[in-house]
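Notes follow once the structure below has been shown.
The values are calculated or read from the model by the stated rules, or taken from the named source; none is laboratory data. Just so we're clear, the structure is a prediction, and the values are computed from it rather than from any experiment. Cβ atoms come from the backbone with ideal geometry, glycine included; neighbour counts cover every protein chain shown.
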Amino acid sequence: MVHKFVIAVASAAVIALSLRAFAQQTHGTADQAKAMLMKAIAAVKADKAKALDMFNNGEGGFRDRDLYVFCANAGDGTLVAIGNPNLKQALGMDVRAGQNSTGTAFGAEIYAAMQKPEGQITAVSYVGPTPGVDDTLVAKVTLVTRADDDLGCGVGYYK
């Protein structure tokens, strides 16, 4: 009887840990965000118009779980691509206006990161709601870089 109890407890622990590991897979990692950003930059350099279309449609591997690409004009900050289907209304807006529900204006930091030389990746940290879960604010980091002479792009991940 004790042996069966120990097996049952061990089985429950394995299942609980497996479920937790599965739940963690719903969020992209820092490495995956960086890889997506580098892939996006390569796509912009190959064919900018096609790349922006793929970003906006979440095609070509540019939307994965909660990871997506966004891009803005480096000159005026106008958002020209957003891979998040829940933020499509922000297309055409100025990235500098971006702020969370606490009033933290992270958009100005994202825009400043887009002004840096090509190849320099800047991490912008802030809090944002977990997509598809609730409005609870959690730590988020957006990796941002200049894609070409007049375009900056980013990919964010939750910590």
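A quick yes/no check of all residues on (1) out of contact with any Pro (no Cβ under 6 Å at 6 or more places or on another chain); (2) crowded, with 16+ Cβ neighbours inside 10 Å; (3) part of a helix (DSSP H, G or I):
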residue: ASN56; (1), (2), (3): yes, yes, yes
residue: ALA81; (1), (2), (3): yes, yes, no
residue: ASN86; (1), (2), (3): yes, no, yes
residue: GLY92; (1), (2), (3): yes, no, no
residue: ARG96; (1), (2), (3): yes, yes, yes
residue: ILE110; (1), (2), (3): yes, yes, yes
residue: PRO117; (1), (2), (3): yes, no, no
residue: VAL127; (1), (2), (3): yes, yes, no
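Filtered by the rule that a residue be assigned to a strand (DSSP E or B) and of a type in the set (D, E, K, R), the stretch 58-78 gives ARG63, ASP64. Search the stretch 129-155 for residues being of a type in the set (Gly, Ala, Ser) and at pLDDT below 95, and hand back the single one that is surrounded by the fewest Cβ atoms within 10 Å (Cβ to Cβ). By that ranking, first place goes to GLY132.
Could you tell me which residue of the stretch 85-114 is farthest from the chain's Cα centre (by Cα), considering only residues that are under 15 Å from THR142 (Cα atoms) and polar (S, T, N, Q)?
THR104
Applying the set (1) β-branched (Val, Ile, Thr); (2) more than 15 Å from the chain's Cα centre (by Cα); (3) under 13 Å from VAL69 (Cα atoms) to VAL144 leaves exactly one unmet item: (2).
For the stretch 21-54, filtering for residues that are touching a residue at least 40 places away in the same chain (Cβ under 8 Å) and among the hydrophobic types (A, V, I, L, M, F, W, C) leaves 7.
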